[in-house]
Amino acid sequence: MKNYFLSIIAIIGFSIMSFAQITISSNANAFKIGDTHEFILTSFSDEGPSGEKVIWDFTGLKPNGKNLVSKMLGVNTSDKSNLFPDANLILEEFGNQFFFKVNNEGMEQYGIVSACDVVTNFEQPLLKLKFPFKYGDRAISNYSGAKSSSNANSSTAGTCEIVADAYGTLLLPNNISIENAIRVSQTRTFENSNQSEITYRWYAKGIRYPILTIIKYVSPEKSFIAQTALYAHTSETGTGQIISSIEDFNTSKEVTMFPNPFKDGFTINYTLDNASKVSIDVYDISGKLVKTIFNSPKQEKGTYNFSINSAENNLLQGVYYIRISMGNKCVTRKMIQLQ
């Protein structure tokens, strides 16, 4: 299962940036011949909530000591390419080869040649991604094919549905915060089986392949996480426009929130360099929006303070994320309420 990783995935503090939804596109996110992509496999984690302006806190992920390097190759590098005439790219992992057709409309998988020489040929290809794809978009298709080896033959079929089900802020280990990440869920069903496979992939502007991937199996009896992985070089991308070090902002005078922890309430102080739209949102520990407690289409340049009362806003003991948006900037802080 883990050896098929990228073929399956296709793959506390402050952050400052605006919310601007991104669109997944062929130019920015399609597999590209000659590329390699490295993942760090980590401790398991659930996928978190769906929806708009979500905050996903994955700062607790721990490497499990295993890595994965995925290679995108031309079809002429394989002596099995004649089996998949529609494919124009190979993804190679751990000796397994996955044959894709990649174009401006999307990515479809036409076959697999495993390291142990089992061949899967999809008569109806397996949908991996559509282009362009933005929050709220959905696509579904059927797939079917046959598996063959030296001693057995079988068939495979089902449906594959992809949905851009969420966007928001991705908090990762090593004080990495990525704004405007978009999540795509891919649900694959299997004919004659009550189990489905759901793969969650997070994308961000400036990084071609998924930053984070979680693979989950679901059946009426149970569900479990099969794999969690991080892009190995997220902190080295140099795309300061989307990636911030939390530590860079922990002495910022632009916004302060105190006390932390709090009990009856807390105060936010902030300064606007220019007249701006301002909103203050509260999220729960799962990253779901609890309440928008302030929303102004325009505040003039100046310094402001805003007091948040726990009882008036139904804030109970626990962990919250407080986000203040000021024009084209956002600040998010993890706040703790005591009993």
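The values are calculated or read from the model by the stated rules, or taken from the named source; none is laboratory data. Keep in mind it's a predicted model, so treat the numbers as computed, not measured. Every residue, glycine among them, receives a Cβ derived from its backbone with ideal geometry; neighbour counts consider all protein chains shown. The protein model used for the area step is the full one, side chains on, heavy atoms only, and it has no ligands, DNA or RNA in it. Shrake-Rupley method; radii C 1.70, N 1.55, O 1.52, S 1.80 Å.
Some notes on this structure:
- The packing ranking, built from the mean of other Cβ atoms within 10 Å per residue, places the peptides 313-320, 299-306 in the order 313-320, 299-306, highest first.
- Over the chain: helical MRE at 222 nm, DSSP H runs n ≥ 4 each giving -39500 (n - 2.57), nearest 500: -500 deg cm²/dmol
- Euclidean distance between Cα centres, segment 111-136 to segment 155-222, Å: 15 Å
- Within-14-Å neighbourhood charge of Ile140 [Cβ basis; K, R +1; D, E -1]: 0
- Burial order of peptide ranges 79-85, 49-55 (average beta-carbon count within 10 Å, highest first): 49-55, 79-85
- Cut-off under 5 Å, modelled amide H: who pairs with Phe294 long-range: Ile280
- Put simply, the amide H of Lys80, placed in the peptide plane, has no neighbours under 5 Å, leaving out anything fewer than 5 places away on its chain.
- Rounded, prolate or oblate (a/c below 1.5 giving rounded, otherwise prolate when a/b exceeds b/c) for segment 60-144 by Cα gyration tensor: oblate
- A cut-off under 10 angstrom between Cβ atoms defines the neighbours of Leu73, and their net charge, with Lys, Arg +1 and Asp, Glu -1, is -1.
- Radius 10 Å from Cβ of Tyr200, net charge of other residues (Lys, Arg +1; Asp, Glu -1): 0
- Restraint check, Lys128/Lys291; Lys53/Lys130; Lys134/Lys301, Cα-Cα greater than 26 Å: Lys128/Lys291; Lys134/Lys301
- Segment 86-118: chymotrypsin sites (Phe, Trp or Tyr not before Pro) in DSSP loop, at most 14 other beta carbons within 10 Å: Phe94
- Residue-normalised accessible area of the chain, expressed per residue, 1.4 Å probe, Å²: 46 Å²
- Ranked by the mean number of other Cβ atoms within 10 Å per residue, highest first, peptides 324-336, 146-158, 57-69 order as 324-336, 57-69, 146-158.
- The chymotrypsin sites (Phe, Trp or Tyr not before Pro) of segment 178-209 that DSSP puts in a loop, and whose beta carbon has at most 15 other beta carbons within 10 Å, are Phe190.
- Point-charge dipole on Cβ atoms (K/R +1, D/E -1) for the chain, about Cα centre, debye to 20: 420 debye
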